[in-house]
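> This is the structure I want to talk about, given as structure tokens.
The values are calculated or read from the model by the stated rules, or taken from the named source; none is laboratory data. Everything numeric in this text was worked out from a predicted model, so none of it was measured. Reconstructed Cβ throughout: ideal geometry from the backbone, glycine too, with neighbour counts over all protein chains shown. Heavy atoms of the whole protein, side chains included, go into the accessibility calculation; ligands, DNA and RNA do not. Shrake-Rupley method; radii C 1.70, N 1.55, O 1.52, S 1.80 Å.
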Amino acid sequence: MKNNNIDKNNEKRPISSDNKNIALNRALDVEKSTLFDLELKNSLLDFASDSIWVIDFKGNFLYVNKSAYKTLGFTKKELMNMNIHELDAPEYSESIDQYLKELMETGEAKYETCHYHKDGSQIPVEIQSKIIELNGQKLVLSIIRDINIYKNFQNNSEKAIKNQTEEFRKLNNKLRKKEKMALNLNNLKEKLLKSMFLEEKLKLITDNVVEMFDADIARIWLLKNADLCDEGCIYAKITKEPHKCKNRSSCFHLVASSGRYADLNGYHRRIPMGSYKIGRIAASDDFNFVINRAVHDPRINYDEWVRNLGLDYFYGFVLGSEDGKPIGVLGLFRKEVLDSDSEFLLEDLANTTSQVIINWNIGQTLLTSENKYRTLTEASTDSIFLFDKNLHYVYLNSQALKMVGLKPDEIIGKGLEVAFPSELVKYMKTNVKNVFKSGEPFSEEHKYVLSSGERWLNTSLIPIKEDDITNFVLGISRDITEYKLFQVESKEREEELRLLTEKMTDVIFQIDSDCIITYVSPSLKQLSGYNPREIIKKRIENFIHPEDVDQVLDILRKLPDNKKSVNIEYRIKRSDGINLWVESSCNAIYDVDGTFKSIVLVTRNINKRKNTEEQIKIKNQTLQGINKIFEESLISEDEHEVSKSSLNVCKEITNSKFGWILELNSKGGLNTLSGSDHGWGEYFITEKKNGVLPNGTKEHGLFGKVIRDGRSFFTNDPHHHESSVRTSPSHPRITSFLGVPLEQGGKVIGAICLANKEDGYNLKDQEIMEKLSVAISESLMRKRAESSLITALKDKDLLIKEIHHRVKNNLMVISSLLNLQSRYIKDKEALGLFRESQSRAKSMALIHERLYKSEDFKTINFGDYITNLADILYNTYMTDKNRVKLDLQMENMDDLKVDINNAIPLGLIVNELLSNAMKHAFPKDMSGMIIVDFSKEDDQFELVVSDNGIGFPQELDYKNTESLGLQVVNTLTNQIGGKITMEVDNGTTFTIKFKEDFD
């Protein structure tokens, strides 16, 4: 098309040549710009997937894009030379006319039609047109879209909908038939949701199977522990295949039965796994088990009753657990086959049955678990609590309630505000909210102010999720107050320990399993002279005395297994070379798993203690030696036995093979008191043996050196000693020698010489022997003095016996003189006095007689004395012995010993009392009895002299009388410290009691 609308003013204006050129250039620029714009627009339109064209009102094409001619199969030139009406299909003429009318009226229109393809085929299209004006000319711009695919889809959809409608109609008819069955199944499922026992639910299922699926018999077996293996199970005795019971730990129990047979105690109440149809169903890999002609199937037993009842069809389903293992079997018999829909519903019911059993088992497990966990949480020493999304408590165990000091109804359903101060609530809520938000656990240690005071709590917040959504937060708080206090205390103790280890005198070593030092405390410098850094990473045996290394290492290597503290005493080598005694307390250290980590040795200096112990040991050995020497000296008969026993003690203490005790004699030579050699053993001063230091040996050699110098010495190489002299071939070889002088009153009187100690002598041996030499010297001197004393005592005993003998003789001479003199006395009174004096003299003479005949000059047996004295007096005074009897009642005569100082006055008392009784108690022809009793009880003596004669007058004061005899008795009783009493009833009884003081 050409634009004829030209501006008339431009035609009338004159134009100069320059202006013409300018206008021409401008026109050319505009034309170029226009051409560029058109070219750009054409390129953009060619990229469009829809067809685009511009036509005039006559239907001629003025512009077509690339998609337009390509879609129709033409070239651009061919299409541009065509009219739009050549493309329209005739059958759409009416709709095209309507379209054109609408386009002319409204300026735009949209319709569907078909265009011819170059190959003659029709292409369904959707056309959207609009009238536009271009350079003053009205044209039609159209966008054409190929809707062939849409049309095909629409057609196919209509066919599919038609087919589906028919199928739906058929299915709907079919579903109507099963509607009642499905409704019943849903009702059954709703009933199974109610609370009832498992057996009741399973019985409900078998009842509905019979009703819904027209089953003759419906049963359910569950796999349980075997209970009728020994009796009551028909399979227990069957041993042949295919009904052999292989596993007697579990079998299928009949738990529900409906229809023809509802009894649970029939033959099939127990079925082994793998046996019969039920056991085979459970043992197979198939979920369902269908037999359409049961009467001819070998897997169905008792075919006779099956045939009689016409039960041709059997259906069995495995009831499985969540992990696919069999837990039971659902089985039923029918007279007719089930269609696929009914079989599907039956299979669904079997699945429902499995789920019922699973849920029941889960419920029982959860119930048990809930009780266990509730018991666990209630028994826990930790505080356990649960928050809901509103940050309200929904559960607190007893420990948590105790922690907050509230009752359940005071806090359940309420927030943190009821239990904690406001300044803590915000902080705690933030923590709980973060766990709800993040779904991640949270843990912390924090100090809380509770009703019980300030407490440190270790709190863990754990999200409880369902479908990855946090519905609750579980909190667990542990009271760690004591632990925190312990940490503070431990830190303080650690600081104290650090200061202590730096200042303590004990040394702490830590060594590994290879005995390598890994730590040592600073006090090592004071103990050993080493700096700690000098011995770290070195082996501990490098610092132990070689003689003690094996012992120490053996103990340390066994310590990890023994798991007991061990104390070791050993020597270490100081840096200055000095050996030092130490004691280590050794302990194995283990981690929390009981794995050995290291050994700790707490070591202290015991050198002073060891020296003290050594001194004590020396003193003990010395004291034992001295005691033994003194004990032996007490039982030895003479000085030679003393010297022998003393030498044995010295040899035993010093472990010496040979020894000699030598004494200086008056001529300056040496006498051998006791000695030994390799062949002759022990010998004494009285023995004369050649070559073994006989009496009179000169002071020479090692023996003489001790005497000459008056000092102790020892040598472990006597062969090269300056004082050594040659000995005879018969003399034992001396390999070591120790000599100690014997002194008395500061003068050397001899020597003790020892020889041949296996490991040689030392200062300790010398120190012990110097102390023993004093005891030996004292023992020898004491034994000699004792011998002299014994000789003197023997002489004294002879003298005393002689004195007592002479006193007795003198008293008997006096008695005889009195007896001779009495012959010339005519006065009876005077004659009585003479006789009394004679009797007193005899009583004293009798005591001295018993003393000089006795070995004991201190006491006499007074029972024997009374017996003899009474006999003498009785024969003296009693001429008619039948008229007056004498009864001596003394018992335990050996215990009636009286000191000599009391014996004489006591004898005179007995003499006076017996004489008086015999002379005056029985006048004329009166008869009677005199009794004498002398006894001792504990330390008190008692003398009783009684008679049944005429007795003393009642008014007589026996303590104040002119009778010489009673005066003598009273005086002598006072002399021995005794007490006297007199009784005059039925005769006279005198009782004297006294104690002896032997001090």
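> For segment 47-152, max minus min Cα coordinate along each principal axis, in Å, sorted largest first?
37, 29, 23
> Return the subset of 573/597; 407/465; 628/783; 414/447; 118/159; 447/484 for which the Cα-Cα distance in this structure is over 18 Å, preserving the input order.
Values: 573/597 27 Å; 407/465 28 Å; 628/783 15 Å; 414/447 22 Å; 118/159 30 Å; 447/484 10 Å.
The answer is 573/597; 407/465; 414/447; 118/159.
> On to the next question. Can you pull the percent of segment 380-487's accessible area that's carbon plus sulfur, 1.4 Å probe, other chains left in place?
Roughly 54 percent, rounded to a whole number.
> If you average the sequence gap of Cα pairs under 8 Å that are 6 or more apart and divide by the length of segment 478-602, what percent do you get for the contact order? List each step's numbers first, then the result.
Numbers: 189 pairs, mean separation 26.7, N = 125.
Normalised by residue count, the contact order of segment 478-602 is 21 percent.
> I need the calculated FRET efficiency for the pair residue 189 and residue 262, taking r as the beta carbon distance and R₀ as 25 Å, to the nearest 0.05. Walk me through the numbers on the way to the answer.
On the way: r = 23 Å, r/R0 = 0.91.
Efficiency computed from Cβ-Cβ geometry: 0.65.
> Semi-axes, largest first, in whole Å: what does sqrt of 5 times each Cα gyration tensor eigenvalue give for segment 858-995?
Numbers: eigenvalues 110, 67, 33 Å².
Here the semi-axes work out to 23, 18, 13 Å.
> Turning to a different aspect of this structure: Can you give the accessible area per residue of segment 557-618, in Å², using a 1.4 Å probe? Please list the in-between numbers first.
On the way: 3860 Å² over 62 residues.
Value for segment 557-618: 62 Å² per residue.
> Kirkwood hydrodynamic radius, segment 503-589, all distinct C-alpha pairs: what's the number in Å? Present the calculation step by step, with values, prior to reporting the outcome.
Working: mean 1/r = 0.0755 Å⁻¹.
Taking the inverse mean of 1/r over all distinct Cα pairs, segment 503-589 comes out at 13.2 Å.
> Any chance you could look up the accessible area of residue 617 with a 1.4 Å probe, heavy atoms only, rounded to 10 Å²?
100
> Once the piece of chain linking residue 724 and residue 309 is laid out straight, how much longer is it, given 0.36 nm per residue of separation minus the C-alpha distance between them? Working shown, then result.
Numbers: separation 415, 0.36 × 415 = 149.40 nm, distance 13.55 nm.
Extra length available between residue 724 and residue 309 comes to 135.8 nm.
> With every protein chain in place, what's the accessible area of residue 45 (1.4 Å probe, Å², nearest 10)?
Approximately 60 Å² of residue 45 is accessible to the 1.4 Å probe.
> May I ask for the net charge around residue 437, where only other residues with Cβ less than 14 Å from the Cβ of residue 437 are counted and Lys, Arg are +1 while Asp, Glu are -1? Spell out each step's value before the answer.
On the way: positive: 389, 429, 433, 465; negative: 440, 468.
Once positives and negatives cancel, what remains is +2.
> While we're looking at this one, here's another question. Could you sort out which of 70/110; 537/563; 194/325; 76/110; 924/979; 610/757 sit more than 28 Å apart by Cα distance in this structure? All intermediate terms of the calculation are to be shown ahead of the outcome.
Values: 70/110 22 Å; 537/563 24 Å; 194/325 26 Å; 76/110 25 Å; 924/979 33 Å; 610/757 24 Å.
Violating the 28 Å Cα-Cα cut-off are 924/979.
> Less than 12 Å Cβ to Cβ from residue 752, Lys/Arg counted +1 and Asp/Glu -1: what total charge do the surrounding residues give?
Details: positive: 651, 771; negative: 663, 743, 765, 770.
Result for the local shell: -2.
> Could you grab the relative contact order for segment 47-152? Cα pairs under 8 Å, six or more apart, rounded to a whole percent.
Here the relative contact order equals 26 percent.
> Taking 1 over the mean of 1/r across every pair of different Cα atoms in segment 380-487, what Kirkwood radius in Å do you get? Please report the intermediate quantities before stating the final value.
Details: mean 1/r = 0.0710 Å⁻¹.
Evaluated over segment 380-487, this radius sits at 14.1 Å.
> Let me check I've understood the local charge: for residue 511, count other residues with C-beta under 13 angstrom from its C-beta, Lys and Arg +1, Asp and Glu -1. What total comes out?
For residues surrounding residue 511, the net value is +2.
> A further question on this structure: I'd like to know which of 474, 464, 419 lies farthest towards the positive end of the charge dipole of segment 380-487, counting +1 on Cβ of Lys and Arg and -1 on Cβ of Asp and Glu.
Checking the options against the dipole of segment 380-487, the answer is 419.
> How big is the Kirkwood radius of segment 174-220, worked out from every pair of different alpha carbons and given in Å to one decimal?
Working: mean 1/r = 0.0882 Å⁻¹.
By the Kirkwood definition, the hydrodynamic radius is 11.3 Å.
> Could you tell me which chymotrypsin sites (Phe, Trp or Tyr not before Pro) in segment 934-999 are loop residues by DSSP with no more than 11 other beta carbons within 10 angstrom of their beta carbon?
Details: sites: 934, 941, 958, 990, 994, 998; in loops: 958, 998.
Qualifying residues, ordered by number: 998.
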